[in-house]
1. Examine the range B:112-135 for a residue that is under 18 Å from residue B:65 (Cβ atoms) and in contact with a Ser or Thr (Cβ under 8 Å, 6 or more places away or on another chain), and state whether such a residue exists.
2. Which condition from (1) of a type outside the set (Ser, Thr, Tyr); (2) over 17 Å from the mean Cα position of the chain (by Cα); (3) within 14 Å of chain A (Cβ to nearest Cβ) is the one that residue B:213 breaks?
3. Here is a list of conditions, (1) farther than 22 Å from residue A:306 by Cα; (2) of a type outside the set (Gly, Ala, Ser); (3) surrounded by 19 or more Cβ atoms within 10 Å (Cβ to Cβ), and residue A:127 meets all of them except one; can you say which number that is?
4. Return the pair list, or none, for Cβ contacts closer than 8 Å from residues in the range B:274-300 that are more than 14 Å from chain A (Cβ to nearest Cβ) to residues that are modelled with pLDDT under 95, at least 6 apart or on different chains.
5. So in the range A:197-206, with the set limited to residues that are surrounded by fewer than 21 Cβ atoms within 10 Å (Cβ to Cβ) and assigned to a helix (DSSP H, G or I), which one is nearest to the other protein chains (Cβ to nearest Cβ)?
6. Of all residues in the range B:228-250, count the ones that are within 12 Å of another protein chain (Cβ to nearest Cβ), over 26 Å from the mean Cα position of the chain (by Cα) and in a helix (DSSP H, G or I).
7. How many residues, within the range A:216-227, are of a type outside the set (D, E, K, R), facing chain B (nearest Cβ under 9 Å) and more than 24 Å from the chain's Cα centre (by Cα)?
8. Taking the options A:152, A:137, name whichever one is more than 10 Å from chain B (Cβ to nearest Cβ) and in a helix (DSSP H, G or I).
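The values are calculated or read from the model by the stated rules, or taken from the named source; none is laboratory data. Computed from a prediction, not measured in an experiment: that's the story for all the values here. When we count neighbours, we look across all protein chains shown, and the Cβ atoms used for this are built from the backbone with ideal geometry, even at glycine.
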There are 2 protein chains.
Amino acid sequence: MSSNTYYSSEAHGPFDLYDVGNLALEEGGTLRGCQLAVATFGTLNAAKSNAILVPTWYSGTSKIMENVYIGKGRALDPDKYFIMVVNQIGSGLGSSPHNTPFPSDRANFPKVRIGDDVRAQHQLVTQKYGIERLALVVGGSMGAQQTYEWAVRYPEMVERAAPIAGTAKNTAHDFLFTETLVDAITSDPGFANGWYEHADEVRAGLRRHAKMWAVMGWSTEFFAQGRMAALGFSSLDDFVTNFMNGYFAPMDPNNLLCMAWKWQRGDVSRHTGGDLAAALARIQAKTFVMPVSSDMFFPPSDCAREQKLIKGSELRVLDSVDGHLALFGADPDCTGQLDRHLKDLLGIAVGGRHSSM
Amino acid sequence: MSSNTYYSSEAHGPFDLYDVGNLALEEGGTLRGCQLAVATFGTLNAAKSNAILVPTWYSGTSKIMENVYIGKGRALDPDKYFIMVVNQIGSGLGSSPHNTPFPSDRANFPKVRIGDDVRAQHQLVTQKYGIERLALVVGGSMGAQQTYEWAVRYPEMVERAAPIAGTAKNTAHDFLFTETLVDAITSDPGFANGWYEHADEVRAGLRRHAKMWAVMGWSTEFFAQGRMAALGFSSLDDFVTNFMNGYFAPMDPNNLLCMAWKWQRGDVSRHTGGDLAAALARIQAKTFVMPVSSDMFFPPSDCAREQKLIKGSELRVLDSVDGHLALFGADPDCTGQLDRHLKDLLGIAVGGRHSSM
């Protein structure tokens, strides 16, 4: 274990730890004493028909989902729904390289796949809460990968699915981009093959990683339209140092690498021998595929190809110049569009059932 | 000086060295004994009215311009035009960090700006060849930066201008991307602040730099449409190792950094106190602005904003999924489009003069 005060309920709000037990991993190996960190909002109704699952994205935790997406009057309204935000393995809340004890700590933390997260989440949902159907699974980026995995792996359980700014099968281009993020961290001599004592020793690599996020995470129009200044940053250096680096620097490098490895390999066609069309044909959920118009990771063209393979699905493009990081919620118009689409989706009766109480 | 057999006429074809003398630099300092490497094709006519200038891009030399753009029946036809391909300072042919003697060698090589290149080229064109008007200045990427600089600095000399896949004033987004390229190289411990003995010592950094080019240089659709396989590469790793890394690895890191610094700061509004509209209003050349539709460095949106500020100009978008690296000529349809646009441009009478003999 390495110490890191960032991953605390002081920084990320209250969460419960659910004990999954020993999680046998798809890539081989076992994550012993696996714990999922879950933050819940609202109340599960007697029929258990108002449950929404929200998996988290790379570097994100339940806190940003709460701050940006959940609230009274919003689509994800805790007055109507029981919302479980599950922090993905490696996120820093719940089992992660930085908090796993010897001998599976840090660089020895096993390789985890999206499917492992979803099986652990399935155990949480069914065994802890006794929920058999989810009114909605919704997530952005790696949260979209988990959403797709849910809809393909447990098609009868997912009534509605909303993958935002992400794909069911990661693309070669995105795999390569993520590899450059990994390289930025691992090439830092302070990384020491993952055996650094404190994240600060990897400060330079984390800053390079943050800078690459600044290039690919937003969009050319974000910069051209002066969004950087609108968000309160007076220069590129100010933006990189105080926004992007300020965001990533407190995080644990091995945690980020755990998530990056998983992100690169997200692929629901693992269920069907590599046949993506067959995998997506399994989906029973009413699905809204929601790319961001200017996303440089998961452009609408890549998402639309997948959407066409999902029965009864709709492509709902979120119009924003904030690129992939429109997920951060800094473009309120985009967040408004997202809310309207999610309300539409939740308003659709599925299998004779409405989503709310 | 450091040895590097890559920068030879064996690899890059014959070129002449023109002695500029001592070039006082815009950033301060002097490049002593500055030499420009120029490869020419065709014959200057008696009226000296058929001269075309082609400045080079980041990492490119006169060889790729010859191979991809110049030929009988092409727009740049040596049977009709006298074509001067001038290798930019830092390209490795002509004055560059790797071949400049002590004490201005390697990390001590002075900072050069686009304007310095263009002033040196002006001396070559006027003093060596006695040319007073250029029928066309055309270049891609950093070649576009030099093209804009020519058209703004010497408006009466440039009859036609064709900046391809580049901007007159570099954007914040592109500055930041280029900085990540710089970081990839300078973060390699083998770089040793620029005092490595041989480029091989910076092998890891050059590979990271090549991988980042693979991400941003092409486009998401390039990968989605299987262009990588169509070009003969069987996997991402094969592509990165044998195409991108194979291309960049023989180059000198200090040379690349010299060009990157210049690229980041390309800006014709330096002539007009930062007023880009005023700078572009100086242009007298008939100008075709030619972005590539899928370019992630210089997207059509950024180029179109500048084009609107140039009197009588036209926006001619090159349609290709090859992104910025459509410049490499691997998409023959795109190269065909470019040729047609350049023929259109050369066919337009300017100031009562036609471009050909």
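1. Checked the range B:112-135: at least one residue is under 18 Å from residue B:65 (Cβ atoms) and in contact with a Ser or Thr (Cβ under 8 Å, 6 or more places away or on another chain).
2. So the condition that residue B:213 fails would be (2).
3. (3)
4. Final answer for the pair search is B:285/B:350; B:286/B:350.
5. If we take residues in the range A:197-206 being surrounded by fewer than 21 Cβ atoms within 10 Å (Cβ to Cβ) and assigned to a helix (DSSP H, G or I), then A:204 is nearest to the other protein chains (Cβ to nearest Cβ).
6. Of the residues in that region, 4 qualify.
7. Going residue by residue through the range A:216-227, those that are of a type outside the set (D, E, K, R) are A:216-220, A:222-226.
Still in the list and also facing chain B (nearest Cβ under 9 Å): A:216, A:218-220, A:222-224.
Among the residues that remain, those that are also more than 24 Å from the chain's Cα centre (by Cα) are: A:223-224.
So the answer is 2.
8. On the way: A:137 fails: in a helix (DSSP H, G or I).
Step by step, each of A:152, A:137 is checked, and only A:152 is more than 10 Å from chain B (Cβ to nearest Cβ) and in a helix (DSSP H, G or I).
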